[in-house]
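These notes concern the structure reproduced below.
Derivation of every value follows stated rules applied to the coordinates shown; laboratory data play no part. No experiment lies behind these values; they were computed from the predicted model shown.
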Amino acid sequence: MKEKVTPERYDSYLEPFGLTLEQLPDISIRDYQKGEYLCQQGHPMTHLLLLVEGRVKVCAIGPAAKTLLFCYNEPGALIGEVELMTQEPASSTLQAAGPVRCLSIPLEQYRPILQGNIQFMNRIALMMARIVARNSINDSFNILLPLDTRLRAYLFLNSRDGVFSGRLTETAEYLGVSYRHLLRTLNELCSKGDLRKLNRGYRLERPEAFQSALEEGDWSAQNDPFPK
């Protein structure tokens, strides 16, 4: 028999925000499958979501439905904090990158409690400040650094045991280039002997060549902005 999951299992995620289950009796669990939307740009947000399991893709949808991938949210991330403050529709689209579980807090019902909680508001302010700093650095990198350097840093950050197996469409979105341009640059790295094509992904043949690209800027700003 499948175990019934209750919010009590994840109450430790509420503690850093100064929140308790007693304050939020109507909090619930929401599960999402890969590809499902947690929220969509331009649509109203009815719930504040606290990510407790899985990984979520954060992106913006531009003209002609072109997607720009900003980052990935990890457990501990809050979704809807901007909309909590502005009471406006969602400013970005969030999509489950795999199985995802969130604690769901009804916004209208608990807005006064949330906004009246100093610890919660201070943590929100810290999160937003880190996101602004990360985005500022990312924008600078995208303008000032060539694709070769940005791609090397991205591959190094997202490789496991020297192998990158991420989706190339998402890589192109994140780096703000066309899929064709990305493939051309990957082929150039392979021809230099820095990268080797595998059946499912690429092996970093000379990791130091990728790490040096990482060190050209403070790429740590691309890591999770949400304080633990």
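Computed over the alpha-carbon atoms, region 14-129 gives an Rg to Rh ratio of 0.95, Rh here being the Kirkwood radius from the mean inverse distance. Once Rg and the Kirkwood radius are both taken over the C-alpha atoms of region 145-222, their ratio Rg/Rh works out to 0.92. With the chain treated as a Gaussian network of Cα nodes joined by springs under 10 Å, which of ILE105, ILE79, ILE113 yields the largest mean-square fluctuation? Looking only at ILE105, ILE79, ILE113, the largest GNM fluctuation is found for ILE113. Taken over the chain, lysine pairs spaced eight or more positions apart, or on distinct chains, with alpha carbons under 22 Å apart number 6.
Over every Cα atom in region 109-178, the radius of gyration and the widest Cα-Cα span, Dmax, amount to 17.7, 49 Å.
Counting Cα-Cα pairs of the chain in 10 Å increments starting at 0 gives whole-percent bin shares of 7, 29, 32, 20, 10, 2, 0. Build a GNM of the chain with springs between Cα atoms under 10 Å apart, and of PRO63, PRO207, PRO44 the one that fluctuates most is PRO63.
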